[in-house]
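Contents: one structure, followed by commentary.
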Amino acid sequence: AKTYLIWFGIYCFAVLALTGKIISPFTPYWILWFIFSLSIWTGAIFFFKRLKSPWVFPAIVTAALMAGLIDEPETGFGLQRTLYFFPFFYAGFLLQKAGVNSRNIGTKTVLAGCVTAALFLAAYIFYPSFFPVGFLYGSQSFESLGLSPLNGIILRLVLIAGGFGCTA
């Protein structure tokens, strides 16, 4: 929360200096979504790292998949976006804890790239006009993007798997 308040203060000062407008701290601003989400993810890690269940990560991925079913107005602090990117943040925490580093590159990376390409090809076949760019932001509901819930969940699962495939 402290980091968010600092950056929000800088943002308020910049807006005031450039436009003369005073902005409300209760109005969400898209530019600050990551810092807001980072605060939530950090707090959630504090909770989830105490759970020793093997179901924690699958539950987090399930929440990311289901977030697209939430039909909230487009805001700077989208719950959907926060839930959508949380599996990557949590995986980074787990990998750091396991001592994985960037020097472990080689055949795995090439294989991961091939798997990722195959997953994106499957997404293209599944959704012929390819997915809208807004889908990558994770901030809109499946319905608002013209997808059925099942198609949206499958496409989001493909993107999450592809994201992990790129980092394997």
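The values are calculated or read from the model by the stated rules, or taken from the named source; none is laboratory data. Note that this is a predicted model, so its numbers are computed, not measured. Cβ: placed from backbone, ideal geometry, glycine included. Neighbour counts: every protein chain shown. Ligands, DNA and RNA are stripped out before the accessible areas are found, and what is left, the full protein with its side chains, is counted by its heavy atoms. Shrake-Rupley method; radii C 1.70, N 1.55, O 1.52, S 1.80 Å.
Filter region 78-93 down to residues that are farther than 14 Å from Ala59 by Cβ and open to solvent by 20 Å² or more (accessible area, probe 1.4 Å) and give me whichever is modelled with the lowest pLDDT. It comes out as Leu79.
Restricting attention to region 122-146, the residues being in a loop (DSSP other than H, G, I, E, B), surrounded by 14 or more Cβ atoms within 10 Å (Cβ to Cβ) and at pLDDT below 85 number 6. Checked against the criterion of being farther than 30 Å from Leu150 by Cβ, of a type outside the set (Phe, Trp, Tyr), modelled with pLDDT of 90 or more and surrounded by 14 or more Cβ atoms within 10 Å (Cβ to Cβ), the candidates Ile45, Ile60 yield just one match: Ile45.
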